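A short write-up of the structure that comes next.
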Amino acid sequence: MFEAVRGFSRRGLVGALAAFIGGSLVFSGTAAAQSTVVLNQNGSQVTDTTIRNGAYVNTNFDGGPLITRRSDDPDWERRSLLKFDTHNYVPAGAQVSSAKLTLTVKSGLGTAGQTRPLQLFRIVSGFLEAEATWRTRLGSTAWATPGGDIGEQVASVNASNVPDAKVVIDVTSLVQRTVDGDFDTRYTRLVLGDAGAAAKESYREYYSSEDSNVSRRPTLTIVLGSSTSTPTEPPATIGSTIKILQWNIAQGYGQDGKSNIDRVVDFIVAKRPDVISFNEIMHYSSSSQPKMIADKLKARTGQTWTYKWVQKTGAASGEGECVMTRLQIDATDEYLLSVSRSVAMARVNVNGRILNIFSTHLDHQSSATRVTQVKQLVAWADNHSEQRIVAGDFNGWPGTAEINEMLKTHKDAWLVAKEKGAAVSFSGNPDGNTRNTRIDYVWYSRGATALSTTRAEVFDTRDSTGKKPSDHNPLIATIQVN
């Protein structure tokens, strides 16, 4: 085990299987046959970067070679991070017969043919290759432990220093557990480090995913075996659009004064959003509305729904904000605004694009306070990469100072849809009000050039008695991801 992580210790497939071989889509004929998935396409299938200690703890090395080195001088110590998209390219619950990671040596020190012992560990937290450093994993969010949040050891191997030599590492067990959903993600995330004694000769460079020669890129080759069992759940379909539901559910209490989460779930099942921004959603150790809703949605839709919840004051329980999705969450984050308000963030991948999605609920008493909170929100969200989507109950209506402040940096999905003639509401509510006026929003940053609104709709949820499951009308924005 490489010294900096000393103390860390260390689950078929039915129908046609899609295999991406050299970037080409190939279909295997029957469930009885094996199928091979090769992941080596930069950005869509594999991302990677080097992180370096010492004076370089805040430096991102994305785009350069992958490097490992063991040194007593922190300035020279390096590790490599890799992430493979086994979420979108391998069906959930598939039987993994084998999974091999292949790295190609670019250069190395020492006498010709000299090898170095390497160790491979699972990374337990999401990272972004263009932002990860020794200290932080994405934006300004720090690793829990500098140098990567390292889980169990996956494998060990000896690496040559001969250019173009191949280093093949068996990661079958990890990939199987990953696609089975044993972790918080179905992306396979790894960290590679030198496990030997500190030495100048420990230096190794490997070609990265950005290399123009596909044969030299890091490659994860997965052989999927036959099985007659049914996958644990149908994989979430990810197309070129994403439906964002924004809804303040008033702690689950309807206008009849009764708490009934089933009414909330009924609406979600009927409208089929991909991501939900919840406000005023309650979580306690003995009773959790996010978990209750996610469990009911899985029972009703057959898909796993995961979420990031944060209490509005940062405490462990009470009322808060939540991003919930049927898509795979790759990373989460949270932030506390002034005057006891908060932001929850979850990152997903749609149409090959990373989307950072935020949910917030601003102060209900003071416009000036909301202006301050908008500025805090935007400044913090800017630490996360594009494409960015922000949803929430802003407690401000169009034309107020806080909404004008938000418009400086973000597009209002309802307004964009209205300009296209694609903003829809129900009879008697032509302005799309979500309460007494329009205070619930779905925004996307003006720098999110891959995003565009195709439709926005505010829904009438009154039952036969005229009562709604919340005092807010739900808003769904459909956003094209190019």
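Hand me the trypsin sites (Lys or Arg not before Pro) from the range 396-431 located in a DSSP loop with no more than 13 other Cβ atoms within 10 Å, in residue order please. Walk me through the numbers before you get to the answer.
Working: sites: 408, 411, 418, 420; in loops: 408, 420.
Passing sites in the range 396-431 are 408, 420.
Once fully extended, how much extra length lies between residue 431 and residue 168, figured as 0.36 nm per residue of separation less the alpha-carbon to alpha-carbon distance?
Details: separation 263, 0.36 × 263 = 94.68 nm, distance 5.99 nm.
My answer for the length gained is 88.7 nm.
Which of the peptides 391-400, 281-290 is most tightly packed, and how do the rest follow, going by the mean number of other Cβ atoms within 10 Å of each residue?
Output ranking for 391-400, 281-290: 391-400, 281-290.
Nearest 500 deg cm²/dmol is fine: what mean residue ellipticity at 222 nm does the chain get from its DSSP H runs of n ≥ 4 alone, each adding -39,500 (n - 2.57), divided by its residue count? Before the final figure, lay out the partial values.
Details: 7 runs with 65 residues, N = 482.
Theoretical 222 nm ellipticity from helices: -4000 deg cm²/dmol.
Please tell me which of these pairs span more than 27 angstrom C-alpha to C-alpha: 408/467; 312/418; 243/467; 83/408; 83/411; 308/411? Walk me through the numbers before you get to the answer.
On the way: 408/467 37 Å; 312/418 32 Å; 243/467 25 Å; 83/408 35 Å; 83/411 31 Å; 308/411 24 Å.
Exceeds cut-off: 408/467; 312/418; 83/408; 83/411.
First measure r as the distance between the Cβ atoms of residue 253 and residue 130, then evaluate 1/(1 + (r/R0)^6) with R0 = 45 Å and state the FRET efficiency to the nearest 0.05. Intermediate values should be presented prior to the final figure.
Working: r = 43 Å, r/R0 = 0.95.
Once rounded, the FRET efficiency stands at 0.55.
Given points 7 Å out from each Cα along the Cα-Cβ axis, report the residue 241 to residue 266 separation in nanometres with one decimal.
2.6 nm
So for the pair residue 317, residue 145, with labels modelled 7 Å out along Cα→Cβ, what separation do we get in nm?
3.0 nm
Please report the orientation-averaged projected area of the chain, defined via the convex hull of its C-alpha atoms, in nm². Don't jump to the answer; show the numbers that get you there.
Working: hull surface 96.3 nm².
With every direction weighted equally, the projected area is 24.1 nm².
By how many nm would the segment from residue 183 to residue 201 lengthen if fully extended, with 0.36 nm per residue of separation less the alpha-carbon distance?
Values: separation 18, 0.36 × 18 = 6.48 nm, distance 3.57 nm.
Working it through step by step, the gained length comes to 2.9 nm.
Which FRET efficiency value, to the nearest 0.05, do you get for residue 75 and residue 107 by plugging their Cβ-Cβ distance into 1/(1 + (r/R0)^6) with R0 = 25 Å?
Working: r = 20 Å, r/R0 = 0.78.
Step by step, r from the Cβ atoms, then E = 0.80.
Bear in mind that the values in this text are calculations on the coordinates, not laboratory data. Source: prediction; values computed, not measured. Don't worry about glycine lacking a Cβ; one is built from the backbone with ideal geometry, like all the others, and counts go over all protein chains shown.
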